[in-house]
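Beneath this line is the structure, given in structure tokens, with notes to follow.
The values are calculated or read from the model by the stated rules, or taken from the named source; none is laboratory data. These numbers come from a predicted model, not from an experiment. A quick note on method: Cβ atoms are made from the backbone with ideal geometry, for glycine too, and the neighbour counts reach across all protein chains shown. Just the protein is used for accessible areas: all its heavy atoms, side chains included, with ligands, DNA and RNA removed. Shrake-Rupley method; radii C 1.70, N 1.55, O 1.52, S 1.80 Å.
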Amino acid sequence: MSKTVAVQLQVNGATHRLEVEPRLLLVHALRDNLGFTGTHVGCDTSNCGACTVHMEGRAVKSCTVLAVQADGAQITTIEGMASDGQLHPLQEAFWNDHGLQCGYCTPGMIMAAAALLAENPNPTEDEVRHGLEGNLCRCTGYHNIVKAVLDAAKTKGATVAQQPEVTA
Amino acid sequence: MIPAEFDYTAPESLDAAIKALADGGEDAKLLAGGHSLLPLMKLRLAAPALLVDLRKVPGLHGIEREDGSWRIGAMTPHTDLEHSPQLGIFAKAAGTIADPQVRNRGTVGGSLAHGDPASDLPAVLLAADGSVTVQGPGGQRAISAGELFRDYMETAIEPTEVLTEVRIPSLDGWGFGYEKFNRRSEDWAMVAVSALVKQTGDICEEVRVGLTNMGSVPLRAGAVEEALRGKPLSAESIASAAEQAAEGTDPPADLNASTDYKRHLARVLCRRALGQAAGLT
Ligand SMILES: Cc1cc2nc3c(=O)[nH]c(=O)nc-3n(C[C@H](O)[C@H](O)[C@H](O)COP(=O)(O)OP(=O)(O)OC[C@H]3O[C@@H](n4cnc5c(N)ncnc54)[C@H](O)[C@@H]3O)c2cc1C
Ligand code: FES
Ligand code: FES
């Protein structure tokens, strides 16, 4: 076996130390090693966006990032979006607007949308559609997803992903 | 899909990266954003024994103006190019790469070193008359865009060399246009055309046209350039010049487009890109 490597991931504000094979993908480190199963694997070929998480504040497809590449990075997953029992405004809006059917794409959609709103707090419909080009949904036809993102943008606090207190 | 086993190192200096690459021999590979290499490794089309990650090497990020040209660090992600309108056609082309997540990881250095003729930035570098700087055990050298792309996914960069920066002339006063045709935003270009035009009044002083995915390497549409250089620019002269966009090319057919269709696209996209560059649309 190849030499394992020590990595430290700050996931949703908490520090996790892992000893991993270099070939371990970030999505598997999150799901299998750390239990953050809200991050889904859809295509496994960097096309569908179901595995989208934030790495140092930027949306990335975690099926195409090695865990070792994320060493020392701040990661936010869907589990880090709600805080104190309060859904994130994007989660609220997806719920209210029926922005999901089976829900498989939803965590990735919400993480991509959160990154979009952080950069552009008042997007047009066109900008939302462009901003979500990396995320595929097989159920909704996108209409209500776009609506949810536009509605969330009108809500205060939609542009920040909550970061709980750091605990070692 | 899990890549085959490999060893991993993330050196903290350029010298250490060059040494790790040399020591690793022919099975060692550099890792930048990983958005070309990791998909290949997951499909087991590539199985390097050692990955030398450039992420901790200082000085490989950022965009600066220096001596009338732009200096872009190899590890600068596409997103940062996209949000740098001062880069003109480079910013525009970078913004068409796949989707936001891919642009957040993929780097300009990785894209040029990979040398895929269907990728967006190689032909833009060629049209812009840019160059790359590489450093290896034997020191530093510059490689012009015209010499960089040798064959399909084959560049003039030695396996022991690291691409450290990209240089593009500032192109102040040039108009530009970039036209890419694909079916979905995440698809590579079936064909794309980059056009750069410098005009005085309506006279075309200088013109450069780059072709993406029209052969095994990015190409210049020399006949189009020839037809317009020194001539008045109008919708008619551009349309007539653009008819020669596919001259001398023999693009291989692929899943998305036949050879004839690609040649047709080159002509249409060339006309549109030149129209934009000349401020006619
Ligand atoms: C779904 C998807 C869609 C895409 N669509 C497009 C598209 O439409 N247009 C487009 O242009 N690209 C597209 N790409 C490719 C993307 O732009 C890649 O990021 C880019 O081609 C490679 O950059 P990288 O930093 O990820 O390189 P890596 O994958 O890390 O490396 C690629 C190759 O270059 C070598 N290398 C990397 N950096 C250096 C360096 N500094 N010096 C020497 N060698 C180096 C590596 O050893 C490797 O062989 C797409 C990728 C994906 C996953
Ligand atoms: S699972 Fe990562 S993009 Fe589809
Ligand atoms: S809700 Fe089913 S894939 Fe999007």
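Data overview
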read-out: Values of log10 I(q)/I(0), in the order q = 0.17, 0.22, 0.25, 0.26 Å⁻¹, for the range A:89-153 under a Debye, Cα-only, solvent-free model; value: -0.45, -0.79, -1.06, -1.15
read-out: Under 16 Å from B:Lys198, Cα to Cα: aspartates and glutamates that are on another chain or at least 8 residues apart; value: B:Asp129, B:Asp172, B:Glu206, B:Glu225, B:Glu226
read-out: Ratio Rg/Rh, restricted to the range B:7-53 and using Cα atoms, in which Rh is the Kirkwood radius; value: 0.97
read-out: For the range B:144-156, 3J(HN,Hα) per residue [Karplus equation, 6.51 cos²θ - 1.76 cosθ + 1.60, θ = phi - 60°, Hz, x = Gly/Pro]; value: 6, 4, x, 9, 5, 8, 8, 7, 3, 6, 10, 10, 7
read-out: Distant-in-sequence amide H partners of B:Gln199 (H built 1.01 Å from N, under 5 Å); value: B:Gly175, B:Glu205
read-out: Kirkwood Rh and Cα Rg combined as Rg over Rh, evaluated for the protein assembly as shown; value: 0.99
read-out: Hull volume in cubic angstrom per residue (convex hull over the Cα atoms of chain B); value: 124
read-out: Convex hull projection area averaged over all views, the range A:5-80, Cα basis, nm²; value: 4.2
read-out: Residue-by-residue Karplus 3J(HN,Hα) for the range B:186-191, coefficients 6.51, -1.76, 1.60, Hz, glycine and proline x; value: 7, 7, 5, 5, 5, 8
read-out: Whole-percent pair-distance distribution, where bins are 10 Å wide, for the alpha carbons of the range B:141-187; value: 17, 32, 38, 13
read-out: The range A:57-134 and the range B:150-190: distance between their alpha carbon centers, rounded to Å; value: 30
read-out: Within the range B:11-101, trypsin sites (Lys or Arg not before Pro) in DSSP loop having at most 11 other beta-carbon neighbours inside 10 Å; value: B:Arg44
read-out: Segment B:Ser240-B:Asp172, length gained on full extension (0.36 nm per residue, minus Cα span); value: 21.8 nm
read-out: Extreme residue, positive dipole direction of the range B:63-169, given options B:Pro100, B:Ser131, B:Leu121 (C-beta unit charges); value: B:Pro100
read-out: Helix B:259-277 axis, angle to chain B major axis (alpha carbon atoms, nearest 10°); value: 70
read-out: Compactness of the range B:91-140 as Cα Rg over 2.2 N^0.38 Å, two decimals; value: 1.26
read-out: The range B:63-169, Cα convex hull volume normalised per residue, Å³; value: 90
read-out: Shape box of the range B:182-272 [Cα atoms, principal axes, largest first, Å]; value: 43, 27, 21
read-out: Principal-axis tilt of helix A:106-119 within chain A, Cα atoms, nearest 10 degrees; value: 80
read-out: At least 30 Å² of accessible area lost relative to the chain alone, listed for the range A:16-40 with a 1.4 Å probe; value: A:Pro22, A:Arg23, A:Leu25
read-out: Sites A:Ala14 and A:Asp84, calculated FRET efficiency, Cβ-Cβ separation with R0 22 Å, nearest 0.05; value: 0.90
read-out: Cα gyration tensor, chain A - rounded (a/c under 1.5), prolate or oblate; value: prolate
read-out: Under 25 Å from the Cα of B:Lys56 - lysines, other chains or at least 8 residues apart; value: A:Lys3, A:Lys61, B:Lys19, B:Lys29, B:Lys42
read-out: DSSP loop trypsin sites (Lys or Arg not before Pro) with at most 15 other Cβ within 10 Å: longest gap in chain A; value: A:4-137
read-out: Chain B - mean residue ellipticity at 222 nm from DSSP helices (-39,500 (n - 2.57) per run, n ≥ 4, rounded to 500); value: -8500 deg cm²/dmol
read-out: Cut-off under 5 Å, modelled amide H: who pairs with A:Asn12 long-range; value: A:Ile75, A:Thr76, A:Thr77
read-out: Phi to ³J(HN,Hα) by Karplus 6.51 cos²θ - 1.76 cosθ + 1.60 over the range B:100-114, Hz, x for Gly, Pro; value: x, 5, 5, 5, 6, 9, x, 10, 5, x, x, 5, 6, 5, 5
read-out: Two-site label geometry, A:Cys43 and B:Ser185: point separation in nm, points 7 Å out along Cα→Cβ; value: 1.3
read-out: Sequence of B:Glu205, B:Glu247, B:Glu161 when ordered by accessible area, the most exposed leading, probe 1.4 angstrom; value: B:Glu247, B:Glu205, B:Glu161
read-out: Sum of -39500 (n - 2.57) over DSSP H runs of 4+, divided by residues of chain A (222 nm, nearest 500); value: -7000 deg cm²/dmol
